[in-house]
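The values are calculated or read from the model by the stated rules, or taken from the named source; none is laboratory data. Since this is a predicted model, take the numbers as computed values, not measurements. Counting neighbours? That spans all protein chains shown, and the Cβs are built from the backbone with ideal geometry, glycine included.
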Amino acid sequence: MIEKASLKRLQLSNFKLEALLNVTLAINQNMSTDRLLKLYEKIIREDLNIGKVILYTFNNGWNIILSSGVTEETYSKIVPERELVPVLEITNLVNTENQNLSAFDVIIPVFHKHLPLAYVLLGDIDEERDGISPVIKHLHFFQTLSNVIVVAIENKRLYKEIIQQETLKKEMELASQVQTMLIPNPDSLPNNEHISFSAFYQPHFDVGGDYYDVFELSDIEYGFCIADVSGKGISAALIMSNFQASIRALFTNEMDISALLHRLNRIVMQTTNGDKFITLFVAKYNTKTRELIYVNAGHVPPILYNNVTKATTYLSMGCPGLGMLTEIPSINLGSVSIPAGSRLICFTDGLQEAENDKGVEFGNNEIEMCLRVEPEIDKVLWKIIQRVNAFRGRKSLFDDISLIGVKF
């Protein structure tokens with residue numbers, strides 16, 4: 001009798017070792033999560049004759065990834081955050097007063113670095129069976145088996161997330177490269193005896209919703225613009241890319257600025273279905289007449305420094321932002337006569353809204369001061385960027401920053 005019992009224990013031990021070996025081999029062969037769960041279910045339900053098993057794992061919330069031998073009614077009232085998460089060690093439920101857990105014999109928590117990865121609920125179908133419950137007899141084996149299976153499934157999930165993140169990272173890098181190609185290189189902007197341009201662009205993410213451009217319309221006329229899409233990230237960048245293609249196709253020497261704004265507004269409405277809008281400052285400058293004609297479509301007003309009067313003017317005449325209304329009701333054209341040596345700074349709201357660690361915004365005062373004291377436009381931009389970085393210190397930017405400067 002003793003020999004038979006010893007033989008039976010030996011056979012059971014060999015079975016458990018073989019089961020763990022088979023699971024390990026399945027993991028090494030990169031068996032799918034579904035097949036691993038089926039193997040886990042077979043060992044518990046068929047080989048060890050356990051009647052009920054539920055496996056909860058955490059992935060943006062607690063979810064059941066395996067339920068066998070139970071009906072939905074059995075576990076529908078279980079609230080993992082309340083009834084499972086407080087469990088820190090294997091817990092016997094035979095005498096539990098919690099009716100939601102009364103159908104089960106034991107809870108087995110699975111931890112990794114003190115964080116709960118999963119919870120296993122086990123129970124017998126025959127509540128009146130004689131002898132020791134197989135759940136209790138094989139408790140430590142279930143704990144080991146569950147740990148191996150759950151950690152393997154978690155590793156597969158994390159690996160999949162890493163692959164997705166790497167793919168997204170590469171897509172973002174490509175999008176950033178494409179956007180960099182679409183936005184003019186500051187070194188390529190016109191710089192001659194009649195007019196000089198300088199620019200700066202820093203997206204909040206790898207890609208952003210800011211845009212600037214310069215157009216040589218004729219020997220004596222130049223166009224330029226700065227724009228900002230509501231929102232951030234890839235969606236804003238895609239909208240801005242479409243907008244950039246549109247304005248480059250439409251902005252010509254013959255195109256009236258008011259007509260240009262109406263066309264662009266319709267395009268933005270079609271592209272965004274009214275969900276987003278674009279603020280825009282767009283201007284034409286004639287180097288012969290020294291006249292600047294502009295429209296400010298809901299954008300942060302650019303600041304003009306008059307080199308004769310030494311006064312600063314905010315260029316705010318225009319209309320609502322593009323995409324805010326189905327049709328722009330009216331457009332107020334701005335017109336300014338520009339003395340030689342005058343300077344203009346156009347920028348997006350990410351500059352003036354940059355905050356320091358006390359929550360104070362950068363504002364316009366430093367921008368105006370740089371315009372007054374520095375005659376060269378590229379140095380004006382450089383000083384502004386230096387000052388905003390010093391102002392915010394270690395505080396992160398929360399928006400794109402773009403600037404385009406002009407010396408007339």
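Computed quantities for the displayed model
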read-out: Residue check for Ala354: more than 24 Å from the chain's Cα centre (by Cα) and among the aliphatic types (A, V, I, L, M); value: no
read-out: Tally of residues being in contact with a strand residue (DSSP E or B) (Cβ under 8 Å, 6 or more places away or on another chain) and not hydrophobic (A, V, I, L, M, F, W, C) across the stretch 231-249; value: 2
read-out: Members of the stretch 312-336 found to be of a type in the set (Val, Ile, Thr) and assigned to a loop (DSSP other than H, G, I, E, B), listed by number; value: Thr326, Ile328, Ile331
read-out: Residues satisfying the stated conditions in the stretch 308-342, i.e. surrounded by 15 or more Cβ atoms within 10 Å (Cβ to Cβ) and under 17 Å from Phe408 (Cβ atoms); value: Thr312, Thr313, Leu315, Gly334, Val336, Ile338, Ser342
read-out: Residue in the stretch 378-386 that is of a type outside the set (A, V, I, L, M), touching a residue at least 24 places away in the same chain (Cβ under 8 Å), farther than 18 Å from Gly341 by Cβ and loosely packed, with under 13 Cβ neighbours inside 10 Å present; value: no
read-out: Members of the stretch 208-224 found to be hydrophobic (A, V, I, L, M, F, W, C) and in a strand (DSSP E or B), listed by number; value: Val214, Phe215, Phe224
read-out: Among residues of the stretch 360-408, those that are in a strand (DSSP E or B), more than 15 Å from Asn191 (Cβ to Cβ) and either outside the structural domain of Asn192 (by TED's automatic domain parsing) or not β-branched (Val, Ile, Thr) (or both), counted; value: 3
read-out: Lone unmet requirement of (1) free of Cβ contacts under 8 Å to residues at least 60 places away in the same chain; (2) closer than 21 Å to Lys232 by Cβ; (3) part of a strand (DSSP E or B) for Ala245; value: (3)
read-out: Qualifying residue in the stretch 181-198 (condition: under 26 Å from Gln270 (Cβ atoms), without any contact (Cβ under 8 Å) to a residue 24 or more places away in the chain and not polar (S, T, N, Q)); value: yes
read-out: Filtered residue count, the stretch 285-302, keeping only those that are surrounded by fewer than 20 Cβ atoms within 10 Å (Cβ to Cβ), in a strand (DSSP E or B) and touching a residue at least 40 places away in the same chain (Cβ under 8 Å); value: 3
read-out: Checklist (1) of a type outside the set (Gly, Ala, Ser); (2) closer than 19 Å to His194 by Cα; (3) not in a loop (DSSP other than H, G, I, E, B) applied to Pro339, failing item; value: (3)
read-out: Inter-residue pairs, beta-carbon under 8 Å, first not assigned by TED's automatic domain parsing to the domain that holds Leu145 and in the stretch 42-61, second surrounded by 16 or more Cβ atoms within 10 Å (Cβ to Cβ) and not in a strand (DSSP E or B), 6+ apart; value: none
read-out: Subset of the stretch 44-75 that is out of contact with any strand residue (DSSP E or B) (no Cβ under 7 Å at 6 or more places or on another chain) and crowded, with 16+ Cβ neighbours inside 10 Å - its residue that is farthest from Asn100 (Cα to Cα); value: Leu48
